[in-house]
1. Looking at (1) assigned to a helix (DSSP H, G or I); (2) β-branched (Val, Ile, Thr); (3) within 23 Å of Leu499 (Cβ to Cβ), which one does Ile432 not meet, given that it meets all the others?
2. Could you please give the count of residues in the range 419-459 that are at pLDDT 85 or above, more than 26 Å from Ala377 (Cα to Cα) and touching a strand residue (DSSP E or B) at 6+ places or on another chain (Cβ under 9 Å)?
3. Name every residue in the range 536-578 that is in contact with a strand residue (DSSP E or B) (Cβ under 6 Å, 6 or more places away or on another chain) and assigned to a loop (DSSP other than H, G, I, E, B), in order of residue number.
4. Would you mind telling me which numbered condition in (1) over 29 Å from the mean Cα position of the chain (by Cα); (2) more than 30 Å from Leu383 (Cα to Cα); (3) in contact (Cβ under 8 Å) with a residue 24 or more places away in the chain His348 fails?
5. With respect to the numbered conditions (1) under 20 Å from the mean Cα position of the chain (by Cα); (2) closer than 30 Å to Ser466 by Cβ; (3) not hydrophobic (A, V, I, L, M, F, W, C), which one is the sole condition not fulfilled by Asn309?
6. The conditions are (1) out of contact with any helix residue (DSSP H, G or I) (no Cβ under 7 Å at 6 or more places or on another chain); (2) within 13 Å of Gly200 (Cα to Cα); (3) assigned to a loop (DSSP other than H, G, I, E, B), and Lys247 fails exactly one of them. Which is it?
7. Just one of Tyr310, Tyr297, Tyr274 is among the hydroxyl-bearing types (Ser, Thr, Tyr), on the phi < 0 side of the Ramachandran plot and not in a loop (DSSP other than H, G, I, E, B); which is it?
8. What tally of residues in the range 145-161 results from selecting those that are part of a loop (DSSP other than H, G, I, E, B) and either surrounded by fewer than 16 Cβ atoms within 10 Å (Cβ to Cβ) or not assigned by TED's automatic domain parsing to the domain that holds Leu180 (or both)?
Amino acid sequence: MEDAKRKTWTAQDSISLYNIDRWGSGYFAVNDQGFLTVHPDQDKNTAINLHDVIQAARERNLPTPLLVRFQDILRHRVHEINEAFRRSIREFNYQGSYYGVFPIKVNQLREVAEEIINAGIPYHFGLEVGSKPELFAALAIHTDFEALIVCNGYKDATFIRMALIGLRLNKKVILVVEKLEELRQIIEISRQVGVAPMIGIRVRLQAKGTGKWAESGGENAKFGLSTSDLLEACELLQKEGMRECFKLVHYHIGSQIPDILTVKRATQEAARYYAKIVKLGFKPVYIDVGGGLGVDYDGSKTSFDSSTNYTLEEYANDIVYNIQEVCEQEKVPHPHIVSESGRAIVAHHSVLVIDVLGVIKKTRPVPTAFSTGKEHAVIREMLELKASLDKTNTLEAFHDALQRKEDAQNMFNLGILELPDKAQIENLFWEICQELYRKSKEERYVPEEIAKLESQLSNQYVCNFSVFQSLLDHWALKQLFPVVPLGRLNDPPTQQATLADITCDSDGKIDRFTDLRDVRDSLPFHDPNGVPYYIGIFLTGAYQDIMGDFHNLLGKVNEVHIFLDPDEPEGYYIEDTISGTTISEVLAMVQYETSDLVRQIKAQVDAAIKEDRVKPSEGMKLLDEYEKGLKEYTYPTKINGESQK
């Protein structure tokens, strides 16, 4: 049966199994050879074989785990978001323009930010910052005097002065007031510097988001002014003669908004605030709708946390339409629209490539074929149960097997069951469960206990990565990311498995996977069969790069940056490489300086030589190995083959 399935299985079957055509947004596909391909401009004719990229990286001494960035996807995402708002503005005859900004916090890597800025030049696409370091970076790389720099987050005197310096350099830097004390400080420092500030005010909406980041909005939100605070701020600006400095109304209801109704409600409420502020005699020219434009991580197109029930087009249409409708009701000018869509720009552009180091299997090849009459009674009962599965009720057989397994455990605890017998009983139990689960697939109704066997029977693929470094949101927030083998996709996967990382923490694993209907506890994979088996974790470009920690002192992974180029033989080239953290670099982060470590080891080697425990030549070799090891990648680098088959 497996051979027949292998003959009929195609790349399209893998696309459907892993939902690549749904969450991939046209950027990812599978070729006829069964390898996953990347299409950075959504053009089927510009296919990059991700397996070839891995091999090219290996030739440059950049083994897995490997982060692959497709810079052209960044450019395409910037284009798509800006064009979506432009189309909506034209369709509704909206009188304002769109000025998007990229929130640097989503991915602070210089090459990412600069690529986005460069792609956004035709649209005057700017930056959003939330801290002093981010502002310092933004001021340096921002060169378009029409593009905005929106300053969110808490601000001290240095932050405010730097923003005012930006204004002196003819940049449009807007200081968004998160609390009244900030406004007073902005007024005071701007007078000292002699620069009229561009001020935005963040309003705290009643409308609240949904999903994992819902607490970013609503009455109990961390940031924003209440209605009373807003009125007091307006009075203060009026009193200080700074009415004209009020340039922007801001709101934010959370990241990764899954439900478009949330966007509609928030936009209507914020537009009403804008209109009422205008009627008070102020003239803000921008309304900033914040972030929240979601990414469909599972492809289900629902209001589930890891999905979105709307398209980019619908998102832009609803924002433009609802602002326009309120403005026309209130008879106030249409403001320019600003959005801070970071996740939707950068999520798709990077793929984390990991390889399987080993497999922890549920069953082992313990001989269990036939009863001889001499084996332990529980083993004999399990063998009889296994032989009669075709004649037994599925659920009843499972309960019988479970009872005998528990009996065996009790016997072992009492010291009356030996290890070989216990191993055979456990192996028989899982063999019975595997057969029961296989049988259940042919039945119309599957009992819940049998359905749960899929995850219980799954193997663990031990992979060369750290969840805490590369996928922190999966561990901390149960964020889902699409996971797909990168090769052999024209063969049917035969193993159910979860992914375990190489950290010493039991939480270091991926055991929640995307699915169209629910969350899967395991995923089908192929048997590695002793050759390199590469797995891709997709849509990791937002937040994961910067939020990872150094659990077990496993550092940042190797990176390659890919650009399309029709003049290259493969249609692309590796524009840049960034080596992952070395052992000495990660140790220095926790105050272990290389020179001190080498000095201490040398002292121990010298003592061993003096005490005649090692020969001088051996001691020097040991010291040399230690020093060489400090320069190595923090992740295992042993590779057991050259290609997937």
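1. The single condition Ile432 does not satisfy is (3).
2. Total meeting the criteria: 2.
3. Phe538, Thr540, Gly541, Val557, Asp565 - these are the residues of the range 536-578 that are in contact with a strand residue (DSSP E or B) (Cβ under 6 Å, 6 or more places away or on another chain) and assigned to a loop (DSSP other than H, G, I, E, B).
4. Condition (1) is where His348 drops out.
5. (2)
6. Answer for Lys247: the failing condition is (3).
7. That would be Tyr274, the only listed residue that is among the hydroxyl-bearing types (Ser, Thr, Tyr), on the phi < 0 side of the Ramachandran plot and not in a loop (DSSP other than H, G, I, E, B).
8. Here the count works out to 4.
The values are calculated or read from the model by the stated rules, or taken from the named source; none is laboratory data. Because the structure is predicted, anything quoted here is derived from the model rather than measured. Cβ coordinates were reconstructed from backbone atoms using ideal geometry, including for glycine residues, and neighbour counts include every protein chain displayed.
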